[in-house]
Amino acid sequence: MTGPDAGPEAGTVRSTCPYCGVGCGVLLTPDGAGGLSVKGDPDHPANFGRLCSKGAALGETVGLGHRLLTPRVFGRDTDWDSALDLVADRFRQVIETHGPDATAFYVSGQLLTEDYYVANKLMKGFIGSANIDTNSRLCMASTVAGHRRAFGTDTVPGTYEDLEEADLVVLVGSNLAWNHPVLYQRLLAARARRGTKIVVIDPRRTASCDGADMHLAIRPGGDVALFNRLFVAAYEGGAVDNAFLAHTGGFDDTLRTAWADGGDTGLVEGDVLAFINLWLKTERVVTVFSQGVNQSSQGTDKVNAILNCHLATGRIGQPGMGPFSVTGQPNAMGGREVGGLANMLACHITLENPDHRAAVRDFWQAPQMPDRAGLKAVDMFRAAGDGRIKALWIIHTNPAVTLPEADAVRDAIAACDFVVVSDITDRTDTARLADVLLPATAWGEKDGTVTNSDRTISRQRAVLPAPGQARPDWDILAEVGRRMGWRAAFDYRSPAEIFREHAALSGIAGAFGLDFDISGLAEVNEDTYAALRPTRWPVASRRGGRFFGDGQFFHRDGKARLVPVTSRPPAAPLTDDTPFRLNTGRLRDQWHTMTRTGLSPRLGAHMAEPFLDIHPEDARRLGLAPAEIAEVSNAHGRALLRVRITAAQRPGEVFAPMHWTAETAPCARTCALVPGTCDPISGQPESKAAAVSVRTFPAEWYGFAVSAREFTPTCAYWARVRTTAGWRAELAGCAPVEDWEAEAHALFDLPDASVSSVADRAKGMARIALFDEGRLLAALFVSRAPVAVMRDYLAVLPRTDGEGVLSGRRPADRPDPGPILCACLGVGVNTIVSAIERQGLLSVDAVGDALQAGTNCGSCRPEIADLLARVQTPEAAE
């Protein structure tokens, strides 16, 4: 294979990682047996060959064991014709009886742009409703709204290169080190090269703080107050750029409002002044913001508070300066570009503008177009629950877990008259509620484009055959469109054909004076589309780069708007019954609801169960000890979570990850605790400021289990993860068990297995191992306190002779690497500690030289630094 779609080796294909919005290039080499080797693409402008732990483990996530391979209707396998006829007929019947607004699509940033485009065209142009929204509503809708208020359109001004040309980078509500590790490594490289300063503004002390010059542990909701202080200080300190202000409006009102804002940041005054002084004296400033800003009932105002500071000082659109939103999903930007949100049309064309709307209708030759925004994500599922939405199609997302008030969302999907789910697996909380399941192609089998956080369009290329009856999403959607009577409009034969249509439509956006214009790509043929290199938009008379350095914006008068904003606290008040503020978020090695990352034993080894981070003072007051189970609850839901006591949390605030589901830990669906309160402008829910109670869970016993095959516990608390040898699970129960041997046989469904066990009824301890012909099948460890065994050793014993299994410890003659810390290279904690002690290693770089740990994506470097500090200062561990 030759050309730009070929890698450096024969049979290797260039593609794009399916995880975060960094959009890293990957080189994929199939092994001929359904597997892949995955490497970073050294020629891709997003990552230059680097991959994070998740990207590096992509080869472990392909395979057919978890796949949905045939259409399924009402629980029975069927053929495509029957399934698609049913979908088309039921949607048609609902439209005829109840109108188009009784239907809805809920789609995903996992879709390719071509898939997204067909879904948007079908719903808005032909069904005639704007009830299409995306799970990207949960991660960046506030940025879209803030951009549109300030700039006149949803434009990301800068590029990744700005991170490397800045003298100060401020991370606001962004744990870049864990959630966008490759960008963070680019930032650290710039720091080493040019001395870039880094400030982290986040209530939690995260891994991103390790390389920072300053960490501002802001009070949740304090962002607007802080940036209003900065705005006033810029005016009073003479840092306002009066020449650039000529290209803006609203300065006086914004200044008066900022002056009057008395909001509490929760910060020491000296720290606030130090930050303001650093920001104002540094011309080249990039402010990176992410979910900590967006996922708020005041998210849009937070975005505009940041934009106000950059506009007032003219620090935008020039090398090394500007506001920069980093997106969470691989194609959140592509979804924005094709109108995947309920309040937008394709190509950033305005839904409510009659001229814009008419132009799109004429281009599509559409029978009808909605003239108002549709239901946004939270309201969409409320409408499904109360009967307003009667036909719902969910594509590549798991709202029964990820939306706020997740229990109510689960019930709403179950109550909806007709639910279609397109996905690659039937093993999600949402798929189990579907009337119709449609098998879609997965990453590695899909062909199309995605757009990353700095507007770079990259190709995802198919390298594996579609398994079973799986079909591309654009093909499934187009076929339904044809069966509903719109054959000519959806007569697509390839993703390249869809891309050409999208690019041609963007020329209309360009003619309206909008930012998104890739009409220069409207003539690509199948060959040039196949060979398309990473390309930053716009691609027309002007080619992609930084926006707004010339002072030209997209409001009718060509000016930007400074927007007056006033700080306010999170919507959910703290009360005597719910005195803690709950923050939710992602982990380094997991992605969303783990339907992909959960397939990799390496990724599951770092943090194998859900947890609750809580400050030592709060834990002491509540009587919570490390590794016990905490019960977290409010009026919306309840979760059981393993206790981790850490000073990284502010007192009165707790943190829990959002990845676990009914498939992996049914008691730990943390989004069930998140209220459905949304930003009134963006519709984005406040996922980081729920009010909750925290108390000790009255566990009668704790357990740990390993097994060669998958098993499903039935106790009050369990969390299950895949291992190289099978499965492992953490357990806890509140009811006493009389016969642990019988319990183990039932738990693992091994009634005939031979048993080896030790037990002490008085101490509440039992250890049971189940064998077949000398091979360990499973083992269960139980005690009244959290079980103390070498979990990582035990996890590899199934299918072996199980040497030392009942001791719970690795034999003395075998090295114990300990829990995995560097997931990229599989290096354990004990291996690192031993090397530090024996070789006298004094730095993270020295550990990397000795063991390679931390040398790939670098996201484990803060944890290596913590190990160094503990080993070099033993009393710190006491």
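Among the residues that make up region 196-219, is at least one of them open to solvent by 10 Å² or more (accessible area, probe 1.4 Å), out of contact with any helix residue (DSSP H, G or I) (no Cβ under 6 Å at 6 or more places or on another chain), assigned to a helix (DSSP H, G or I) and closer than 30 Å to residue 652 by Cβ?
No: zero hits.
The conditions are (1) touching a strand residue (DSSP E or B) at 6+ places or on another chain (Cβ under 8 Å); (2) at negative phi, and residue 251 fails exactly one of them. Which is it?
(1)
As an exercise: evaluate residue 415 against (1) crowded, with 24+ Cβ neighbours inside 10 Å; (2) over 23 Å from the mean Cα position of the chain (by Cα) and give the number of the one condition it does not meet.
Unmet condition: (1).
Just checking, how many residues over region 327-360 are among the small types (Gly, Ala, Ser) and open to solvent by 10 Å² or more (accessible area, probe 1.4 Å)? Before the answer, list the steps.
Of region 327-360, the ones among the small types (Gly, Ala, Ser) are 328, 332, 334-335, 339-340, 342, 346, 358-359.
If we keep only those that are open to solvent by 10 Å² or more (accessible area, probe 1.4 Å) too, we end up with 358-359.
Of the residues in region 327-360, 2 are among the small types (Gly, Ala, Ser) and open to solvent by 10 Å² or more (accessible area, probe 1.4 Å).
Which one is farthest from residue 79 (Cα to Cα) among residues in region 479-494 that are open to solvent by less than 30 Å² (accessible area, probe 1.4 Å) and in contact (Cβ under 8 Å) with a residue 12 or more places away in the chain?
From region 479-494, those open to solvent by less than 30 Å² (accessible area, probe 1.4 Å) are 479-482, 484, 489-490, 492, 494; that's our starting set.
Add one more test, that the residue is in contact (Cβ under 8 Å) with a residue 12 or more places away in the chain, and what stays is 479-481, 484, 489-490, 492, 494.
Values: 479: 14, 480: 14, 481: 18, 484: 18, 489: 24, 490: 21, 492: 21, 494: 22 Å.
Ranking the qualifying residues of region 479-494, first place goes to 489.
Search region 418-436 for residues being open to solvent by 10 Å² or more (accessible area, probe 1.4 Å) and either touching a strand residue (DSSP E or B) at 6+ places or on another chain (Cβ under 7 Å) or of a type in the set (Ser, Thr, Tyr) (or both), and hand back the single one that is farthest from residue 22 (Cα to Cα). Can you show your working first?
Of all residues in region 418-436, those open to solvent by 10 Å² or more (accessible area, probe 1.4 Å) come to 423-424, 426-427, 429, 432-435.
Checking the rest, the ones that are also either touching a strand residue (DSSP E or B) at 6+ places or on another chain (Cβ under 7 Å) or of a type in the set (Ser, Thr, Tyr) (or both) come to 423-424, 426, 433-435.
Details: 423: 23, 424: 23, 426: 28, 433: 32, 434: 32, 435: 35 Å.
Result: 435.
Please specify each residue of region 635-647 satisfying the condition of being part of a loop (DSSP other than H, G, I, E, B), open to solvent by 30 Å² or more (accessible area, probe 1.4 Å) and over 12 Å from residue 614 (Cβ atoms). Write out each step before concluding.
Quick first cut of region 635-647, residues part of a loop (DSSP other than H, G, I, E, B) only: 635-637, 646-647.
Filter again for open to solvent by 30 Å² or more (accessible area, probe 1.4 Å), leaving 635-636, 646-647.
Listed by number, the residues that qualify are 635, 636.
State all residues of region 552-570 that are of a type in the set (A, V, I, L, M, F, W, C) and either in contact with a Phe, Trp or Tyr (Cβ under 7 Å, 6 or more places away or on another chain) or surrounded by fewer than 18 Cβ atoms within 10 Å (Cβ to Cβ) (or both); if no residue qualifies, say none.
Just the residues of region 552-570 that are of a type in the set (A, V, I, L, M, F, W, C), to begin with: 553-554, 560, 562-563, 565.
Matches in region 552-570: 553, 554, 560, 562.
With a cut-off of at least 2 residues that are of a type in the set (Ser, Thr, Tyr), name the strands (runs of 3 or more DSSP E) lying wholly within region 413-491. Spell out how you get there, then give the answer.
Numbers: elements: 418-423, 436-439, 448-451, 456-460.
So the answer is 448-451, 456-460.
Determine, yes or no, whether residue 96 is open to solvent by 40 Å² or more (accessible area, probe 1.4 Å) and either at pLDDT 95 or above or farther than 30 Å from residue 663 by Cα (or both).
On the way: open to solvent by 40 Å² or more (accessible area, probe 1.4 Å): yes; either at pLDDT 95 or above or farther than 30 Å from residue 663 by Cα (or both): yes.
Yes, satisfied.
Take region 666-678 and flag every residue that is part of a loop (DSSP other than H, G, I, E, B) and buried (at least 24 other Cβ atoms within 10 Å of the Cβ).
Going residue by residue through region 666-678, those that are part of a loop (DSSP other than H, G, I, E, B) are 669, 674-677.
Listed by number, the residues that qualify are 669, 674.
Can you tell me how many residues in region 724-748 are farther than 12 Å from residue 778 by Cα and buried (at least 23 other Cβ atoms within 10 Å of the Cβ)?
3
Quick one: which of 584, 646 is polar (S, T, N, Q), over 17 Å from residue 401 (Cβ atoms) and in contact with a strand residue (DSSP E or B) (Cβ under 7 Å, 6 or more places away or on another chain)? Spell out how you get there, then give the answer.
On the way: 584 fails: over 17 Å from residue 401 (Cβ atoms).
Just a single option satisfies the conditions, and that option is 646.
Scan region 780-809 for residues that are of a type in the set (S, T, N, Q), at pLDDT 95 or above and open to solvent by 40 Å² or more (accessible area, probe 1.4 Å) and jot them down.
Within region 780-809, the first condition is being of a type in the set (S, T, N, Q), and the residues that meet it are 783, 800, 807.
With the extra rule that they be at pLDDT 95 or above, the set shrinks to 783, 800.
Matches in region 780-809: 800 only.
Quick grid of which residues meet (1) basic (Lys, Arg); (2) farther than 30 Å from residue 854 by Cβ; (3) in contact with a Ser or Thr (Cβ under 9 Å, 6 or more places away or on another chain); (4) in contact (Cβ under 8 Å) with a residue 24 or more places away in the chain:
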site	(1), (2), (3), (4)
211	no, no, no, yes
226	no, yes, yes, yes
231	no, yes, yes, yes
246	no, yes, no, yes
256	yes, yes, no, yes
266	no, yes, no, yes
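Results for (1) in contact with a Gly (Cβ under 9 Å, 6 or more places away or on another chain); (2) open to solvent by 20 Å² or more (accessible area, probe 1.4 Å); (3) not hydroxyl-bearing (Ser, Thr, Tyr), shown as yes or no for each residue.
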| site | (1), (2), (3) |
| --- | --- |
| 63 | yes, yes, yes |
| 72 | no, yes, yes |
| 108 | yes, no, no |
| 161 | yes, yes, yes |
| 165 | yes, yes, yes |
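Search region 853-867 for residues that are over 16 Å from residue 55 (Cα atoms) and at pLDDT 80 or above and pair each with any residue that is open to solvent by 10 Å² or more (accessible area, probe 1.4 Å) and of a type in the set (Asp, Glu) when their beta-carbon atoms are under 8 Å apart and the residues are at least 6 apart or on different chains.
Pairs found: 861/210; 862/210; 865/210.
Got a number for residues in region 794-851 being in a loop (DSSP other than H, G, I, E, B) and under 34 Å from the mean Cα position of the chain (by Cα)? Walk me through how you get there before you give the answer.
First pass over region 794-851, keeping only residues in a loop (DSSP other than H, G, I, E, B): 795-804, 808-819, 823-826, 840-843.
Next, only the ones that are under 34 Å from the mean Cα position of the chain (by Cα) stay: 795-798, 816-819, 823-826, 843.
Residues in region 794-851 being in a loop (DSSP other than H, G, I, E, B) and under 34 Å from the mean Cα position of the chain (by Cα): 13 in total.
Restricting the search to region 581-618, which residues are among the acidic types (Asp, Glu) and more than 20 Å from residue 208 (Cβ to Cβ)? Please lay out each step first, then the result.
To start, the set of residues in region 581-618 that are among the acidic types (Asp, Glu) comprises 589, 609, 613, 617-618.
Listed by number, the residues that qualify are 609, 617, 618.
Which number in (1) touching a helix residue (DSSP H, G or I) at 6+ places or on another chain (Cβ under 7 Å); (2) open to solvent by less than 10 Å² (accessible area, probe 1.4 Å); (3) not in a helix (DSSP H, G or I) marks the one condition that residue 308 misses?
Result: residue 308 fails condition (3) only.
Could you please find all residues in region 367-391 being open to solvent by less than 20 Å² (accessible area, probe 1.4 Å), among the small types (Gly, Ala, Ser) and part of a loop (DSSP other than H, G, I, E, B)?
Residue satisfying the conditions is 374 alone.
Restricting attention to region 110-159, and to residues there that are open to solvent by 10 Å² or more (accessible area, probe 1.4 Å) and of a type in the set (D, E, K, R), which single residue is farthest from the chain's Cα centre (by Cα)?
Top of the filtered list is 149.
What number goes with the only condition from (1) buried (at least 24 other Cβ atoms within 10 Å of the Cβ); (2) part of a loop (DSSP other than H, G, I, E, B); (3) touching a Phe, Trp or Tyr at 6+ places or on another chain (Cβ under 7 Å) that residue 286 does not pass?
Condition not satisfied by residue 286: (2).
Failed condition for residue 450, given (1) surrounded by fewer than 20 Cβ atoms within 10 Å (Cβ to Cβ); (2) closer than 30 Å to residue 381 by Cβ; (3) of a type in the set (A, V, I, L, M), with all others met?
Tallying (1) surrounded by fewer than 20 Cβ atoms within 10 Å (Cβ to Cβ); (2) closer than 30 Å to residue 381 by Cβ; (3) of a type in the set (A, V, I, L, M), residue 450 fails exactly one: (1).
Restricting to region 495-547, name every residue that is open to solvent by 50 Å² or more (accessible area, probe 1.4 Å) and of a type in the set (Ser, Thr, Tyr).
528, 541
Scan (1) more than 30 Å from residue 60 (Cβ to Cβ); (2) not in a strand (DSSP E or B) for the single condition residue 767 breaks and write down its number.
The number of the failed condition is (2).
The values are calculated or read from the model by the stated rules, or taken from the named source; none is laboratory data. Predicted model only: the values in this text are computed from it and were never measured. Glycine also receives a Cβ, built like all others from the backbone with ideal geometry; neighbour counts cover every protein chain displayed. Ligands, DNA and RNA are stripped out before the accessible areas are found, and what is left, the full protein with its side chains, is counted by its heavy atoms. Shrake-Rupley method; radii C 1.70, N 1.55, O 1.52, S 1.80 Å.
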